[in-house]
Structures are given as C-alpha cells and as structure tokens.
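The values are calculated or read from the model by the stated rules, or taken from the named source; none is laboratory data. Just so it is clear, the model here is predicted, and its values are computed rather than measured. With ideal geometry, Cβ positions are generated from the backbone for all residues, glycine too; neighbour counts draw on all protein chains shown.
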Amino acid sequence: MSEVITLLSQLVRIDSVNPSLSDGGAGESQAADFVGEWFQTRGFDVTRLESTSGRPSIVAVAKGTGGGKTLMFNGHLDTVSVESYDGDPFDPKLADGWLYGRGSADMKSGVAAMMIAASRAAQSGLAGDIIVTCVADEEHASLGTQEVIAAGYHADAAVVPEPVGHKIVAAHKGFIWFDLVFEGVAAHGSNPDKGVDAIVKAGKFLVALENYAAELAQQAVHPLVGVPSVHASLIKGGVEMSSYPAQCKLSIERRTLPRETPDEVEAEIEQLLNNLGSADPAFKATLKRGLVRLPYECVQGAEIIDVATRSILNATGRPAEIAGMNGWTDCALLGEAGIPAILVGPEGRGGHSKCESVSIQSVETLTDILFQIATDFCATEA
C-alpha cells in the first residue's frame, strides 16, 4: 500500500463527524491531534487554532529558504453524518481500485494527498513557504478557514483538493438564504368573510418564484458555472384544519453567480413581493436575508492556474480542463482574503451518501500533482 493510501486509511478510521450536522458528532479533535503530531514529526511548525471548543484546526508551516512565493493547501477534517451509512463508515476497505469509508472522497483523500505532497516538497528545499491548513467545520459554517484567515495566515495562492477530479475548478456558485413571513388574518373556517389565508398568499409568491426561476434560467450563461437558480426549501403554516392561517413561513435559496451581489439579489426578491402587493391589497409579507456565501472566481491570469495546468499535464499526460462547479467551497473565503485559490482533487463517488469511495489511483496521481504545484510555485520569486 502506498504512503498516501496508508495515511488516508488512518484518517478514515478517525471519526470526525461534524457535530453541527449530527447530534453527538465527534468533531475534529482526534483528527486534529493526529494531523498535528504527523506534521510535528516531519519538522513543520504546527499551530492549533480552537476558538470554538472542540472544533480545532491545524496549521502546519514549512519555511522556505527565502525569496519564493508562499503556497497554501487547504482541506477540511470534518465529515457529514454516518447515519444510514452502509457498513462500518470508519473501516476503510479497498476493492476494485477504490477505497471505501466516510470521508474517503470528501475530503480525507485530498487532505492525505496534500499532507504527503507538502512533506515531500518541504524536503526538497523550496525558496517559498508552504502552509498546510487542515480545518474544521467546512461542511457547516466554515469556522476553521475563517479562523485561519482571522489568525493572519496569508499566501500568494491556495489549492483546495476537494473531490473534483484532475481538473482545475476556478469558479463556483454562491448562495443566499432568505426567510419570508406571509401575514393573514385568523378566523374560523366558517367565516370566509373575516379570514385572510396566509398560505394562499404564500402560494401566490410561489407561483411568482417559479416564473422568476424560469427567467433566471434564460440569463446569459457564465462560461464556467452556467446560470443562477432559485428554489423553495421549507414551508410552514397553519395551526388546525378549521381555521384560516394567520401566518405562513417560507425559506428559499438563491444560487448566485460571480459578480452578483447580495443586495442585487435581495432587491429582485423584494420586487416580486412589491408586484404581488400592488395587485392584491391584502398581500402582506416580510423578507429577511439569512446566510450568505459569496460565489467565487479565481482572478484572471492567476499564476496558480498556469502552474496547475503544467503540473496536471506532467502527472497525467493529458491537458488540464478548467471548469466550474455549482456547489460552494472554502475557496470563496480564501478569495475574499485576497488569496487566489483553485480546486484540484481526486475522483470520488458517493459523497454525503450511504456509500462513499475514492479512486486509489486518482489519490496517488493527485499527490504527484500537488507536489509538482508546490515545487513549481514556491520556486518563483515573490
């Protein structure tokens, strides 16, 4: 078994289920202990960040000889729930060229690859620094990467080895959650002249939302991430069968493109409500913006893309595809901090499902890719 697959197996055996997603989840403490000790034995300067108790992140730094650019590897230690997982989620099994287990793809394979690549690169005597951040909570609120940034860690570029395959993901969508409350008038079901049905008012908005979604689908296509979207996520209203509901609550999610702003998107939703209010004097609703995760696009002409393109070609013999993705990643937080970031990862299957696995060959190749990225990028003058 190769060094990186041995390390991946060790990581999969550690329960690091995110406790914010699953009651009783173990969190990242044991994984952080393991990773921190692993880096210390290899001569890295190791710092443990834990502003939220039980949710630690590890930052391991290998200082260069001086004059080179600094590269950051960023990967998360937490996994999603293991409820309903098919088999023992913490027993890594190898079959038909794949390694199975919770977190095998998302993203302990990427973490293992960046650890091995960073260690090998550090031993080669680089001019620039390598910063390896093994973070908590990416699957929920990204506490770890936010804490790394707040602690002042910065790099000239970053690579996040999420399971996207051996391509360069240089952009992804963001999202905004909105909560809406539709007001009605409570009344007995036998008194339609006195009641205003809040659920019916919400229904009018849902029709408008469907039309809005269709309009978004007709917008100009972003070359990497396509078009924006919107959908209704949660709805709750009414208290009993024989009463007009006085209130209905609805939550929606709007997926956003690079260069769309939260204010612009909120104004679009407000306009839908205003149009409905103009047509129906009894229509009353309030809108509240919730969680915002900004979209991301790597800065044009970023050197890290050129370096990764060469590294992928050298390791695979194939030209690198530059792509986007619909999901959100910590690249957005790194980008907001002024760090050009890309995703390059292994080939995974079944992330967040009852059977998760990763291609062994893809993890080994990823390790070579990341090593080449580090040695190339950190050799250039800062």
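Brief remarks follow.
The rows are residues; the columns are (1) over 24 Å from D330 (Cα atoms); (2) assigned by TED's automatic domain parsing to the domain that holds A121; (3) crowded, with 20+ Cβ neighbours inside 10 Å; (4) touching an Asp or Glu at 6+ places or on another chain (Cβ under 9 Å).
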residue: A26; (1), (2), (3), (4): no, yes, no, yes
residue: G66; (1), (2), (3), (4): yes, yes, no, no
residue: F73; (1), (2), (3), (4): no, yes, yes, no
residue: Y85; (1), (2), (3), (4): yes, yes, no, yes
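- Residues in region 276-293 that are touching a strand residue (DSSP E or B) at 6+ places or on another chain (Cβ under 8 Å) and either under 29 Å from T367 (Cα atoms) or among the hydroxyl-bearing types (S, T, Y) (or both): T286 only.
- All of Q146, Q123 fail the test of being under 26 Å from M1 (Cα atoms), among the polar types (S, T, N, Q) and surrounded by fewer than 22 Cβ atoms within 10 Å (Cβ to Cβ), apart from Q123.
- Residues satisfying the stated conditions in region 349-370, i.e. surrounded by fewer than 24 Cβ atoms within 10 Å (Cβ to Cβ) and either part of a loop (DSSP other than H, G, I, E, B) or within 18 Å of the chain's Cα centre (by Cα) (or both): R349, G350, G351, H352, S353, K354, C355
- Just one of the listed residues (G195, G184, G174) is within 30 Å of A323 (Cα to Cα) and surrounded by 13 or more Cβ atoms within 10 Å (Cβ to Cβ), and it is G174.
- Strands (runs of 3 or more DSSP E) (entirely within region 80-185) containing at least 3 residues that are closer than 30 Å to D197 by Cα and either in contact with a Gly (Cβ under 9 Å, 6 or more places away or on another chain) or free of Cβ contacts under 8 Å to residues at least 40 places away in the same chain (or both): 174-183
- Count - residues of region 1-45 that are hydrophobic (A, V, I, L, M, F, W, C) and farther than 25 Å from Y85 by Cβ: 3
- Within region 95-114, being over 14 Å from E162 (Cα atoms), in contact with a helix residue (DSSP H, G or I) (Cβ under 8 Å, 6 or more places away or on another chain) and either crowded, with 23+ Cβ neighbours inside 10 Å or not small (G, A, S) (or both) holds for W98, L99, G101, R102.
- Options E139, E210, E215; residue that is within 30 Å of D45 (Cα to Cα) and of a type in the set (D, E, K, R): E139
- The criterion of at least 3 residues that are within 30 Å of V307 (Cα to Cα) and touching a residue at least 60 places away in the same chain (Cβ under 8 Å) is met, among strands (runs of 3 or more DSSP E) falling completely within region 13-77, by 57-62, 71-76.
- Restricting K167, K201 to those that are modelled with pLDDT of 95 or more, surrounded by 16 or more Cβ atoms within 10 Å (Cβ to Cβ), outside the structural domain of R259 (by TED's automatic domain parsing) and on the phi < 0 side of the Ramachandran plot reduces the list to K167.
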